[in-house]
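J.: Below you'll find the structure I mean.
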Amino acid sequence: MTRQELCQAAVHMMERAYAPYSRFPVGAALECADGTVFTGCNVENAAYGDTICAERTAICKAVSEGHRDFVRIAIAGKGDDFCVPCGTCRQVMQEFAPDMEIICLNGAGESRTFSLRELLPFGFDSRRL
Ligand code: THU
């Protein structure tokens, strides 16, 4: 899948978001080393803190299907700013793919790309246990 196709998949997933509380739909498309792509959307809950972000939905889908080797993820939101992952999602990414690329899109379809190391310097993982 090309970078553009991955971004389009993330944008498409915004339609699946369950976000009645924030009204901020987010879509994600996660690419594995073998080219497999897993998608996700945010899934909110009336107990707000139980919300699951789009990135973690995609990562949990991948891990539960036997994939752990992630190369990049595209994240789409509808705001003016690029939709960067929250701290919890950064930490979950760190567990599996500290070198992954993170493509963040805004509502206009523009993107900015980061490495996880940029977004989560000195991330905690099993080597520090
Ligand atoms: N959200 C995500 O799904 N991913 C992000 O990267 C940022 C935030 C969701 C959580 C919540 O449903 C809504 O966006 C507003 O915070």
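Each reported figure results from applying straightforward, stated rules to the coordinates on display, with no laboratory input. Because the structure is predicted, anything quoted here is derived from the model rather than measured. So basically every Cβ, Gly included, is an ideal-geometry build from the backbone, and we count neighbours across all protein chains shown.
J.: At R0 = 25 Å, how high is the FRET efficiency between residue 69 and residue 15 if r is their beta carbon distance? Nearest 0.05 is fine.
T.: 0.35
J.: Please state the shape class of region 4-129: rounded when a/c is under 1.5, otherwise prolate if a/b exceeds b/c and oblate if not, all from the C-alpha gyration tensor.
T.: rounded
J.: Follow-up. With label points built 7 Å along Cα→Cβ from the Cα atoms of residue 3 and residue 125, find their separation and express it in nm.
T.: For residue 3 paired with residue 125, the spin-label model returns 2.3 nm.
J.: Given an 8 Å cut-off on Cα distances and at least 6 residues of separation, report the relative contact order of the chain as a percent.
T.: 20 percent
J.: How much net charge surrounds residue 86 when only other residues with a Cβ under 12 Å from its Cβ are counted (Lys, Arg +1; Asp, Glu -1)?
T.: Neighbourhood net charge equals +1.
J.: Once the Cα atoms of region 1-59 are picked out, what are the Rg and Dmax in Å?
T.: Reported Rg and Dmax, both Å: 12.0, 37.
J.: Nearest 500 deg cm²/dmol is fine: what mean residue ellipticity at 222 nm does the chain get from its DSSP H runs of n ≥ 4 alone, each adding -39,500 (n - 2.57), divided by its residue count?
T.: Dividing the helical sum by the residues of the chain leaves -8000 deg cm²/dmol.
J.: Still on this model: Over what distance in Å are the Cα centres of region 11-79 and region 81-129 separated?
T.: For region 11-79 versus region 81-129, the Cα centre distance is 13 Å.
J.: Kindly write out, for region 115-126 in residue order, the coupling ³J(HN,Hα) from the Karplus curve 6.51 cos²θ - 1.76 cosθ + 1.60 (θ = phi - 60°), rounded to whole Hz, with x marking Gly and Pro.
T.: Each residue's phi maps through the Karplus curve to give 8, 5, 4, 5, 7, 9, x, 6, x, 7, 8, 4 Hz.
J.: Provide the percentage of antiparallel DSSP beta bridges, counting only those with both residues in the chain; round to the nearest 5.
T.: Around 75 percent antiparallel, to the nearest 5.
J.: Magnitude of the Cβ-charge dipole of region 1-70, K/R +1 and D/E -1, about the Cα centre, nearest 20 debye?
T.: Roughly 140 debye for region 1-70.
J.: Given the options 104, 77, 121, identify the residue whose Cα lies farthest towards the positive end of the charge dipole of region 29-129 (+1 on Cβ of Lys, Arg; -1 on Cβ of Asp, Glu).
T.: Positive-most Cα among the choices belongs to 121.
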